[in-house]
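Beneath this line is the structure, given in structure tokens, with notes to follow.
The values are calculated or read from the model by the stated rules, or taken from the named source; none is laboratory data. What you see is a predicted model; the values in this text were computed from it and never measured. Quick reminder, even Gly has a Cβ in these numbers, built from the backbone with ideal geometry, and neighbours come from all protein chains shown. Note: accessible area is taken over every heavy atom of the protein model, side chains too, but ligands, DNA and RNA are not part of it. Shrake-Rupley method; radii C 1.70, N 1.55, O 1.52, S 1.80 Å.
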Amino acid sequence: MASTAKTVEAVISAAWGKPQSWTLDSYRSRGGYDGLKRALSMEPAAIIDEVKKSNLRGRGGAGFPTGMKWSFVPKDSPKPKYLAVNGDESEPGTFKDRYILENDPHMMLEGIAIASYALGVHTCYVYLRGEFKFQAERTQAAIDEAYKAGIFGKSLMGKEGFALDCFLVRGAGAYICGEETALLESLEGKKGWPRLKPPFPAVVGLFGCPTVVNNVETLASVPPILAKGADWYAKLGTDKSGGTHLVCLSGSVNRPGVYEVGMHTTILELIHDDKYGQGMPKGRKVKAVIPGGSSAPVLGADELDVALEFEALKMKQTMAGSGGVIVMDDATCMVRSLWRVARFYAEESCGQCTPCREGTPWQTRLLRKIEEGRAEMSDIDMLSNVASSIAPYPPIGLGNTICALGDAAALPTHSFLMRFRDEFEAHVREHRCPYGDHPWGSFGDWS
Ligand SMILES: Cc1cc2nc3c(=O)[nH]c(=O)nc-3n(C[C@H](O)[C@H](O)[C@H](O)COP(=O)(O)O)c2cc1C
Ligand code: SF4
């Protein structure tokens with residue numbers, strides 16, 4: 001496909017690839033910290049209203065409206081308030097936040113400064129995935145620059161009486177620590193076990209104090225909103241989702257990568273347009289797409305003319321999640337793919353709740369049996385029952401567990417069975433995998 005997709009104004013990725021884009025000098029030469037300057041001239045409540053008006057929605061997975069989340073923090077609490085930045089980025093198929101940290105960390109730091117001022121926060125923790133060694137070094141260097149320039153420290157960019165400290169913390173390799181309450185436990189030095197909610201972190205969070213948890217991309221989206229205005233940002237998007245967003249395109253496409261797209265950009269455009277994926281490898285056709293990281297229900301080839309946006313994907317009983325778009329071609333075995341996804345969730349379950357602790361390895365065992373041609377038809381029903389006991393579907397959000405990792409493990413199973421049951425049955429009938437020794441299509445053999 002030639003380039004027919006509407007051109008999108010780059011808000012987050014405009015400086016990526018430019019010399020020294022990660023430095024304070026470069027950021028300032030592009031108008032960096034102008035948003036904070038404007039924010040410091042406003043009342044904190046007016047900043048929250050501006051973010052509400054922009055229709056910015058969280059980019060960490062749930063798409064929760066950011067301004068609304070900020071407004072849940074009690075204003076009259078005598079306790080300190082905290083901001084925790086979620087840079088755990090461990091969802092299979094998602095690899096966008098690392099690009100912000102590598103290429104333009106000051107965008108996120110300015111977002112932190114604006115959010116902290118609006119919320120009355122004086123201490124912020126940036127929690128990064130343990131494997132992000134290079135990204136952590138870049139982020140720490142940017143934090144050091146911000147302290148030296150008087151942006152962080154005793155007076156927030158010269159605002160007398162408003163101190164802001166920012167600390168970087170690295171995780172230790174557990175996916176579950178991306179779940180916001182597990183992240184808070186981990187920050188407190190405990191093992192990353194999600195907490196029961198309510199109470200939500202905005203009221204009882206870090207060290208029992210009101211805490212906002214926001215994703216890296218969410219916070220990096222805040223400075224342009226303050227610099228250019230909420231109306232400008234809202235108009236870039238759709239009715240309920242403002243701005244642009246990053247998507248991570250992987251799997252069977254000619255040009256995988258991280259792209260900044262509009263909320264109107266469809267999955268088909270992302271796969272085929274010259275600006276993005278540039279189509280499928282020669283001779284291959286698309287079979288299925290996971291639109292929002294491995295937890296998002298899979299879509300079939302006839303369902304892809306849909307915008308990569310929270311509401312549009314919700315109508316299809318799936319989700320935009322964390323922006324990880326995984327493309328599978330017609331040579332891919334769906335049983336083998338689901339087995340791979342199921343193994344990940346079984347490995348990462350923290351073990352607190354029975355349906356998740358017992359159900360995730362049970363799914364894995366059943367899928368292995370089906371893939372290896374040892375299953376009976378009743379095993380397919382059993383697989384569906386096990387997934388339903390973790391979280392029924394549709395709709396999304398009925399989980400029987402403490403946190404949404406349970407849903408994340410069950411939704412792929414339900415959706416693969418709903419859309420590709422024929423393939424599961426073919427494995428049982430033929431007592432083998434119909435794709436033989438090459439079940440990954442154009443992915444390469446990475447089992
Ligand atoms: C198992 C699990 C893993 C998660 N991992 C991440 C993650 O790596 N990064 C992230 O921002 N949010 C992750 N989330 C979502 C967070 O719990 C939370 O919703 C998010 O950080 C809120 O930020 P936002 O409002 O800016 O999107 C995860 C959720 C679950 C259930
Ligand atoms: S759903 Fe799974 S990961 Fe989440 S708290 Fe329960 S056992 Fe732990």
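Values computed for the structure shown
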{"read-out": "Carbon plus sulfur fraction of accessible area for the chain, probe 1.4 Å, in percent", "value": "53"}
{"read-out": "Against the rule of thumb 2.2 N^0.38 Å, how large the Cα Rg of the chain comes out", "value": "0.99"}
{"read-out": "Net charge dipole size for the chain [Lys, Arg +1 and Asp, Glu -1 on Cβ; Debye, nearest 20]", "value": "560"}
{"read-out": "Rounded accessible area of H272 (nearest 10 Å², 1.4 Å probe)", "value": "50"}
{"read-out": "Rounded to 5, percent antiparallel among DSSP beta bridges of the chain", "value": "45"}
{"read-out": "Residue-level accessible surface for R357, protein heavy atoms, 1.4 Å, Å²", "value": "90"}
{"read-out": "Paramagnetic label zone (point 7 Å from Cα along Cα-to-C-beta, Y147; backbone N under 15 Å) in region 106-133", "value": "123-126"}
{"read-out": "Charge-dipole axis of region 211-352 as Lys and Arg at +1 and Asp and Glu at -1 on Cβ define it, positive-most pick from P281, A301, V261", "value": "P281"}
{"read-out": "Heavy-atom accessible area order for M334, M418, largest first, 1.4 Å probe", "value": "M418, M334"}
{"read-out": "Flagged links, alpha-carbon separation over 18 Å, of K53/K79; K52/K314; K53/K228", "value": "K53/K79; K52/K314"}
{"read-out": "Selected from S295, S322, S77 as most flexible by GNM, with the chain as the system and alpha-carbon contacts under 10 Å", "value": "S77"}
{"read-out": "Residue among A118, C248, G17 farthest towards the positive dipole end of the chain, charges placed on Cβ", "value": "A118"}
{"read-out": "Amide H contacts of G171 (H built 1.01 Å from N, under 5 Å, at least 5 apart or other chain)", "value": "L128, R129, G130"}
{"read-out": "Simple Cβ-charge dipole of region 278-334, Lys/Arg +1 and Asp/Glu -1, about Cα centre, in debye nearest 20", "value": "200"}
{"read-out": "For region 168-176, Karplus couplings with θ = phi - 60° (6.51, -1.76, 1.60), whole Hz, Gly/Pro x", "value": "9, 10, 9, x, 10, x, 9, 4, 4"}
{"read-out": "Fluctuation leader among K285, K190, K69 - the chain, Gaussian network, Cα springs under 10 angstrom", "value": "K190"}
{"read-out": "Karplus 3J(HN,Hα) series, Hz, for region 60-69 with 6.51 cos²θ - 1.76 cosθ + 1.60 (x for Gly, Pro)", "value": "x, x, 8, x, 6, x, 5, x, 5, 4"}
{"read-out": "Span-like helix ranges in the chain, DSSP H, alpha carbon extent 20 angstrom or more, Kyte mean at least -0.5", "value": "105-119, 334-348, 377-390, 405-430"}
{"read-out": "Region 24-236 - percent relative contact order, Cα under 8 Å, separation 6 or more", "value": "32"}
{"read-out": "Burial order of peptide ranges 104-111, 345-352 (average beta-carbon count within 10 Å, highest first)", "value": "104-111, 345-352"}
{"read-out": "Built amide H within the under 5 Å cut-off of G58, gap 5+", "value": "G63, F64, T66"}
{"read-out": "Accessible heavy-atom area order of F420, F72, highest first, probe of 1.4 Å", "value": "F72, F420"}
{"read-out": "Amide H contacts of A288 (H built 1.01 Å from N, under 5 Å, at least 5 apart or other chain)", "value": "M328"}
{"read-out": "Electrostatic dipole magnitude of region 24-236 [Cβ: Lys, Arg +1; Asp, Glu -1; Cα centre; debye, to 20]", "value": "300"}
{"read-out": "Approximate shape of region 101-198 as ellipsoid semi-axes (Cα gyration tensor, √5λ), whole Å, largest first", "value": "25, 17, 10"}
{"read-out": "Relative contact order for the chain, counting Cα pairs under 8 Å that sit 6 or more residues apart, in percent", "value": "16"}
{"read-out": "Of G373, G283, G406, the one that fluctuates the most in a GNM where the chain has Cα springs shorter than 10 Å", "value": "G283"}
{"read-out": "Region 248-260 - phi-based ³J(HN,Hα) in whole Hz, Karplus 6.51/-1.76/1.60, Gly and Pro as x", "value": "10, 9, 9, x, 8, 9, 6, 10, x, x, 9, 10, 8"}
{"read-out": "Greater than 30 Å apart at Cα, pairs in K18/K191; K75/K197; K69/K275", "value": "K18/K191; K69/K275"}
